[in-house]
Amino acid sequence: MANLSHPSEFVLLGFSSFGKLQVLLYGPLLMLYLLAFVGNTVIIVMVIANTHLHTPMYFFLGNFSLLEILVTMTAVPKMLSDLLTSHKVISFNGCMVQFYFYFSLGSTSFLILSDMALDRFMAICHPLRYGTLMSWAVCVRLAGVAWAAPFLAMVPTVLSRAYLNYCHNNIINHFFCDNAPLLQLSCSDTRLLEFWDFVMALAFVLSSFLVTLISYGYIVTTVLRIPSASGRHKAFSMCGSHLTLVFIGYSSTIFLYVRPGKAHSVEVNKTVALVTSVLTPFLNPFILTFRNETVKAVLQGQMQRLKGLHKGL
């Protein structure tokens, strides 16, 4: 790893195995990407503009929607453009930048999910002290740590990739610069890097997942003690959308990255990564609106207001 030996660019195979049929993927994937962008943007604007949503829960939700937009922007536009061209290349520096932002933003999204779980834990298990425990100062600190920690921790990770010896070839069997395909191109000893990657996954993915599980363990115990059925239903409905996001996000990411070693099935990883990069960000706004009564009420109010303005004109 002492010598800088790397190609000037990488070839991204993407979905070349589909041959000319890969062009047929462009329309559906572009539509999903645009809908994901619009849907998450609507959530952000709604949280900022509506005073009823100026609470810690929706503050974290707005952060999560912003992260969904940014994560998809790091990989999906390049993937879409490659579907229409036979020259599927990315510069070495561009690959390192994509790697850095994709994994930094992805790690931040999991920490924000754990912040959302902590917020629900405080709201349901400590309602009388909720205003003090989850003050705006506390929320800003939690979000700040969630954003800063992965971006700092990923610096040595991306630098280690920049100084690997890539002597096998420059062909990445993926639609973006993912970790396992990059390591497979290297002829350097990557065992220490693989261990570091596993530690990073434990630090950001499994630790936040553990915080979420513990928080919801206490939440379930507290909710079951509520005497009225309506009270229990209201408490669980507050957490429904978040739990759905947790299940979708963690299940795919743990499958992809919380495994030591680089001998993964690239084709399977590519398919799961496509789901997490395009389909999940598309589904999240619908999950947040369909399963969250407050968001639905705000959207319905805005729609009625727009109809009133239209009739007035």
- prompt: Can you list the residues, at least 5 places off or on another chain, whose amide H is less than 5 Å from the amide H of Val89, using H built in the peptide plane?
  reply: Leu12
message: Rolling a 1.4 angstrom probe over the protein chains, ignoring ligands and nucleic acids, what is the accessible area of Ile171 in square angstrom, nearest 10?
response: 80
message: Could you tell me the center-to-center distance, by alpha carbons, between the range 152-204 and the range 39-85 in angstrom?
response: 27
Long-range lysine pairs (8 or more apart or interchain), the chain, Cα under 26 Å: 12
- line: Partnerless cysteines (no other Cys beta carbon under 4.7 Å) identified across the chain are Cys125, Cys139, Cys239
field: Nearest-10 value in Å² for the accessible area of Trp196, using the 1.4 Å probe
entry: 90
task: Please state, to two decimals, what the Cα-based radius of gyration of the chain comes to when divided by 2.2 N^0.38 Å (N = residues).
output: 1.10
field: In order through the range 167-179: 3J(HN,Hα) via Karplus (6.51 cos²θ - 1.76 cosθ + 1.60), integer Hz, x for Gly, Pro
entry: 9, 6, 6, 10, 9, 9, 7, 6, 9, 8, 7, 7, 5
message: Which of rounded, prolate or oblate describes the range 1-73 when judged by the alpha-carbon gyration tensor and an a/c cut-off of 1.5?
response: oblate
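Which shape class, rounded, prolate or oblate, goes with the range 47-137 when its Cα gyration tensor gives a ≥ b ≥ c as root eigenvalues, a/c under 1.5 marks rounded, and past that a/b bigger than b/c marks prolate?
Prolate, because a/c is 1.5 or more and a/b exceeds b/c.
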field: Long-range HN-HN contacts of Glu9 with modeled amide H, under 5 Å
entry: Phe92
- line: In whole Hz, the Karplus estimates of ³J(HN,Hα) for the range 138-148 (6.51, -1.76, 1.60; θ = phi - 60°; x where Gly or Pro) are 5, 4, 5, 5, 4, 5, x, 5, 4, 7, 6
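When only Cα pairs under 8 Å and 6 or more residues apart are kept, what is the percent relative contact order across the chain?
27
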field: Pair Leu21, Leu159: separation of 7 Å Cα→Cβ label points (nm)
entry: 4.6
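The values are calculated or read from the model by the stated rules, or taken from the named source; none is laboratory data. Model, not experiment: these values are computed from the prediction. With ideal geometry, Cβ positions are generated from the backbone for all residues, glycine too; neighbour counts draw on all protein chains shown. The area values use the complete protein model at the heavy-atom level, side chains included, leaving out ligands, DNA and RNA. Shrake-Rupley method; radii C 1.70, N 1.55, O 1.52, S 1.80 Å.
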